[in-house]
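Here's the structure, in structure tokens; my notes come after.
The values are calculated or read from the model by the stated rules, or taken from the named source; none is laboratory data. Fair warning: this is a prediction, and the values are worked out from it, not measured in the lab. Positions of Cβ are generated from backbone atoms using ideal geometry, with glycine treated the same way; all protein chains shown enter the neighbour counts. We work out accessible area using only protein heavy atoms, side chains counted, and drop any ligands, DNA or RNA first. Shrake-Rupley method; radii C 1.70, N 1.55, O 1.52, S 1.80 Å.
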Amino acid sequence: MAYAARDDRPADKSARYAEVEAEILAVLDGESNRTAQMATVASMLADAFPVFFWTGFYVVDPDKTDELVVGPYQGTLGCLRIAFGRGVCGTAARDRTTQIVEDVHAFPGHIACDSRSASEIVVPVFDASGALIAVFDVDATEVSAFDAVDAEALERLMARVFAA
């Protein structure tokens, strides 16, 4: 079942997220390697939602704890490093809150890794102790592709995979 951002009602999107979450959790059952977990989450979400143009993780650099470094992702070339507070990903990392940006071109300080990106959602990812380990970033080529349904579903999935 494919999801088209403009054609489905939020309930349909919620149902698709629930279905994909169950699939991801089944695939990851027993897998503790964080890179494998991130690669699987990015791949399966990118495949499940055609509106997702870039899907992946920026991981907190263990040597520079105020900087993100690109991790597993699906899509075109991503930025390699992002300082906390810079762009949408850096803002999510600094504030430790989900960022939904309807139009990235209107976001002050947006980092344009690919000019085709039009909207974005970034979810902070925490481990079981509550420490920030990464942010999960999704870009779309259309404006206003993300909403509270996306935020709630992605926050829940990140918690179930990485904070469990």
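Quick look at the values:
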{"item": "Nonlocal amide H pairs with R86, under 5 Å, H built at 1.01 Å", "result": "T91"}
{"item": "Point-to-point label distance, A128-T76, nm (Cα→Cβ direction, 7 Å offset)", "result": "4.0 nm"}
{"item": "Accessible heavy-atom area order of M44, M38, highest first, probe of 1.4 Å", "result": "M44, M38"}
{"item": "Solvent exposure ordering (accessible area, 1.4 Å, most first) of L45, L132", "result": "L132, L45"}
{"item": "Global geometry of the range 36-99, whether rounded, prolate or oblate, following the gyration tensor of its Cα atoms and the 1.5 cut on a/c", "result": "prolate"}
{"item": "A36 versus D61: modelled label distance in nm, points set 7 Å from Cα along the beta carbon direction", "result": "2.8 nm"}
{"item": "Cα-based Rg and Dmax for the chain, where Dmax is the largest Cα-Cα distance (Å)", "result": "14.6, 44"}
{"item": "Kyte-Doolittle at least -0.5, axis length at least 18 Å by Cα - qualifying DSSP helices, the chain", "result": "10-28, 34-48, 148-162"}
